[in-house]
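See structure below.
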Amino acid sequence: MCHALLQTPNFFRVLLRIDEELAGETRAGGCPCGGVLHRSDYPRKPRACLKEVRADFASRFSFCCSRCRKRTTATSVRFLGRRVYLSLAVVLVSALHMGQVPAAAGISASLGVPLRTLQRWRHWWQQLFVLTPLWQAACARFMPPVATDRLPGGLLERFAGTAAESLMRLLIFLTPLTVSRLITLQEGR
Ligand SMILES: [Zn+2]
């Protein structure tokens, strides 16, 4: 079952390792001004995070230029923009919410995701995600097309492999959005 991944510490650790690699690439790329990037992570208090890995998920990898002071934040498979919930919850709980409403209610209750947050996520997937440059450029690659009203579950099932592999691939697919202003959506507290 896909949503079992929300309770699997090793899956969270794999996400952390991917983020470390993404951060390494970002740092190696340096600042556009030619300056050197120094670690300057954003503190985070992620929701839907297992306590076993919470310490490792308490910051988002980001950098500051030694010369122009501009910030460069690495793309991430853990954090979807400024949302307080981790990406995997935004994907999996939204996917459940589309299909199996009673199951979604159980999961969202156990993760403490309020119903109005679930509704905002649904709005985001079906109204805003579809307008992003990422989806505009990529949607034609999926044949038959992914129905908008089945996002994100209908998209998740297009990524091959085990439940863990397909979720991982989807989270990697979404990484361009994680540094985009388009997805900074207020989330109810
Ligand atoms: Zn710079």
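For the reader, a short list of remarks on this structure follows.
- When peptides 117-127, 29-39 are ranked by their average number of other Cβ atoms within 10 Å per residue, the highest-first order is 117-127, 29-39.
- Among MET143, MET98, MET168, residue whose mean-square fluctuation peaks in a GNM of the chain (springs only between Cα atoms under 10 Å): MET143
- Local net charge near ARG54, Cβ-Cβ under 11 Å (Lys/Arg +1, Asp/Glu -1): +2
- For PHE11, neighbours were defined as the other residues whose beta-carbon sits under 14 Å from its Cβ, and their charges (Lys and Arg +1, Asp and Glu -1) total 0.
- By the beta-carbon count within 10 Å of each Cβ, the least crowded to most crowded order of PHE142, PHE79, PHE129, fewest first, is PHE142, PHE129, PHE79.
- Long-range tail of P(r) for the chain (Cα pairs > 28 Å, %): 24 percent
- Relative contact order of the stretch 4-163, defined on C-alpha pairs under 8 angstrom at six or more residues apart (%): 18 percent
- Within-10-Å neighbourhood charge of ALA95 [Cβ basis; K, R +1; D, E -1]: 0
- Estimated FRET transfer efficiency when R0 is 25 angstrom, pair ARG13-ARG82 (beta carbons, to 0.05): 0.60
- The order of ILE107, ILE172, ILE18, going from fewest to most other C-beta atoms within 10 Å of their C-beta, is ILE172, ILE18, ILE107.
- Among PRO144, PRO152, PRO102, residue whose mean-square fluctuation peaks in a GNM of the chain (springs only between Cα atoms under 10 Å): PRO144
- Taking all C-alpha pairs of the stretch 35-131, those more than 20 Å from each other amount to 47 percent.
- At R0 = 25 Å, FRET efficiency that the Cβ-Cβ distance of ALA147 and ARG169 yields, to 0.05: 0.80
- With both labels modelled 7 Å from their Cα along Cα-to-Cβ, the ARG71 to CYS33 distance reads 1.6 nm.
- Each of THR162, THR73 was scored by other Cβ atoms within 10 Å of its Cβ. Arranged with the fewest first, they read THR162, THR73.
- Here is how the number arises for the chain: DSSP H runs of 4 or more residues each give -39500 (n - 2.57), the sum is divided by the residue count, and the result at 222 nm is -12000 deg cm²/dmol.
Since every read-out is calculated from the coordinates, none of them should be taken as a lab result. No experiment lies behind these values; they were computed from the predicted model shown. Cβ sites come from the backbone with ideal geometry, for glycine too, and all protein chains shown count toward neighbours.
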